[in-house]
Amino acid sequence: MYKKTAFYAGITLVIQSISMMILFFLLFAKKKSLASVLLAMSAAGGIAGGFLLYKHANNIKAEEELISELLGDDEYEYNNGEMEILTDDYVDEAEFC
């Protein structure tokens, strides 16, 4: 899967699961037979979406650990949860070309 596809698919499945849960409560009050089907689909979608989000979070954590291992602790810093690689402000790129 692509890097962000699992994240977006997970969010979509969780939102779909919530909407099916709302439909379950509406149909359960009216004693409709589709209520149990919606509950089962809601549970399956919620579990699948939660798994995809968990998998995405583990991939992000593994990437951060790899970068910190490769660059060392003083080569990067976190700003509001975003990893920023420090650059040298005194050297111009034209000197290297």
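The values are calculated or read from the model by the stated rules, or taken from the named source; none is laboratory data. Model, not experiment: these values are computed from the prediction. Glycine also receives a Cβ, built like all others from the backbone with ideal geometry; neighbour counts cover every protein chain displayed. For the accessible areas, the whole protein counts, side chains as well, though only heavy atoms, and no ligand, DNA or RNA atoms are used. Shrake-Rupley method; radii C 1.70, N 1.55, O 1.52, S 1.80 Å.
Scan ILE11, ILE15 and give me the residue that is open to solvent by less than 80 Å² (accessible area, probe 1.4 Å), among the aliphatic types (A, V, I, L, M), at pLDDT 90 or above and in contact with a helix residue (DSSP H, G or I) (Cβ under 9 Å, 6 or more places away or on another chain). Steps first, please.
Numbers: ILE15 fails: open to solvent by less than 80 Å² (accessible area, probe 1.4 Å).
After applying the criteria, what remains is ILE11.
Considering only the stretch 1-53, state which residues are part of a loop (DSSP other than H, G, I, E, B) and within 25 Å of GLU63 (Cα to Cα).
First, the residues of the stretch 1-53 that are part of a loop (DSSP other than H, G, I, E, B): 1-4, 30-33.
Within the stretch 1-53, MET1, TYR2, LYS3, LYS4 meet the criteria.
When only residues in the stretch 30-61 that are open to solvent by 80 Å² or more (accessible area, probe 1.4 Å) and more than 15 Å from the chain's Cα centre (by Cα) count, which is nearest to LYS3 (Cα to Cα)?
Among those that are open to solvent by 80 Å² or more (accessible area, probe 1.4 Å) and more than 15 Å from the chain's Cα centre (by Cα), it is MET41.
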